[in-house]
Amino acid sequence: MSRETGAPRCHTSCHETRTWQPLPPFSLPLINFRGAQGDASPATLQGQPFVLFVYPRDDTPGCTVEVCQFRDLYLQFRDIGVEVLGLSRDGVKSHRDFIRKQEIPFPLLCDEKREVIGAWGLIYEAKMYGKPVTKVARTTYFVDGEGIVRQIWEDVAPPGHAAQVLEFARELVGAAK
């Protein structure tokens with residue numbers, strides 16, 4: 001829902017993601033910590049559980065807090081076999097600079113045209129200083145090794161969120177063993 005009007009965040013043809021359903025198909029460019037560029041899709045991630053967190057913009061206060069908390073816990077995610085990926089509307093250059101500046105060890109996906117975040121219902125209109133702006137809803141998905149969305153966190157508050165996701169991942173991965 002739009003925080004401004006209470007209206008749906010997307011039009012009627014959107015493919016909002018739901019728990020216990022496969023992650024909708026997508027293909028997006030990604031940048032990793034080495035600066036290498038590639039593509040990511042659910043098919044390329046199949047077989048490994050992963051966290052996909054959607055954040056509005058690189059190098060902004062709340063987003064930097066969120067990304068850096070995932071960075072700080074990244075090895076703990078990897079220790080239990082869970083990959084971490086970030087997704088925003090920023091482009092390759094912005095992601096490359098942000099990765100270097102913040103020493104981010106996991107890949108960031110680029111959705112400059114907002115095709116995926118739009119299709120997933122994560123775009124909404126709000127007002128900033130009395131003017132309408134288009135925003136991206138901060139949302140996190142936990143996807144199991146079969147490509148099924150097991151948990152969705154919406155309207156995420158960055159402080160402490162990565163630790164909450166790690167706790168969920170530990171419970172889920174531990175229960176699967």
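Taken together, the criteria place Ala157 among residues that are more than 22 Å from Pro22 (Cβ to Cβ) and not β-branched (Val, Ile, Thr). Only one of the numbered conditions (1) part of a strand (DSSP E or B); (2) crowded, with 18+ Cβ neighbours inside 10 Å is violated by Gln69, and that is (1).
Counting the residues of segment 160-177 that are modelled with pLDDT under 95 and within 19 Å of Tyr55 (Cα to Cα) gives 0. Tallying residues that are closer than 12 Å to Leu85 by Cα and either assigned to a helix (DSSP H, G or I) or of a type in the set (Gly, Ala, Ser) (or both) within segment 26-41 yields 2.
Residues satisfying the criterion are present in segment 84-91 (criterion: of a type in the set (Ser, Thr, Tyr) and in contact with a Pro (Cβ under 8 Å, 6 or more places away or on another chain)). Across segment 144-155, the qualifying residues are those that are buried (at least 17 other Cβ atoms within 10 Å of the Cβ) and either under 11 Å from the mean Cα position of the chain (by Cα) or small (Gly, Ala, Ser) (or both), and the one among them that is farthest from Gly86 (Cα to Cα) is Gly147. Identify, please: which residue in segment 81-93 is closer than 20 Å to Gly118 by Cα and of a type in the set (Gly, Ala, Ser) and is, among those, modelled with the lowest pLDDT? Selected residue: Gly91. Scanning segment 109-122 for residues that are of a type outside the set (D, E, K, R) and closer than 28 Å to Ala36 by Cα yields Leu109, Cys110, Val116, Ile117, Gly118, Ala119, Trp120, Leu122.
In segment 94-177, counting only strands (runs of 3 or more DSSP E) that sit wholly within it, the ones holding 3 or more residues that are among the hydrophobic types (A, V, I, L, M, F, W, C) span 108-110, 123-128, 149-153.
Starting from residues that are touching a residue at least 12 places away in the same chain (Cβ under 8 Å) and not in a loop (DSSP other than H, G, I, E, B), keep the ones in segment 44-60 and report whichever is nearest to His161 (Cα to Cα). Looking at residues that are touching a residue at least 12 places away in the same chain (Cβ under 8 Å) and not in a loop (DSSP other than H, G, I, E, B), I get Phe53.
In the set Arg89, Arg138, Arg114, only one residue is in contact with a Gly (Cβ under 8 Å, 6 or more places away or on another chain) and over 12 Å from Val51 (Cα atoms); that residue is Arg138. Filter segment 122-148 down to the residues that are of a type in the set (Lys, Arg) and either free of Cβ contacts under 8 Å to residues at least 24 places away in the same chain or closer than 19 Å to Gln164 by Cα (or both) and list them by number. Result: Lys131, Arg138. Cys63 meets each of the listed conditions (1) touching a Pro at 6+ places or on another chain (Cβ under 7 Å); (2) closer than 21 Å to Ile123 by Cβ; (3) in a loop (DSSP other than H, G, I, E, B) apart from (3). Using the structure shown, decide if Asp90 is surrounded by 21 or more Cβ atoms within 10 Å (Cβ to Cβ), of a type outside the set (S, T, N, Q), within 20 Å of Thr64 (Cβ to Cβ) and touching a strand residue (DSSP E or B) at 6+ places or on another chain (Cβ under 6 Å). No.
Return yes when Thr17 is crowded, with 19+ Cβ neighbours inside 10 Å and either part of a loop (DSSP other than H, G, I, E, B) or at pLDDT below 90 (or both) and no when it is not. Against the criterion (crowded, with 19+ Cβ neighbours inside 10 Å and either part of a loop (DSSP other than H, G, I, E, B) or at pLDDT below 90 (or both)), Thr17 qualifies.
The values are calculated or read from the model by the stated rules, or taken from the named source; none is laboratory data. Being a predicted model, the structure only gives us computed values, none of them experimental. Cβ: placed from backbone, ideal geometry, glycine included. Neighbour counts: every protein chain shown.
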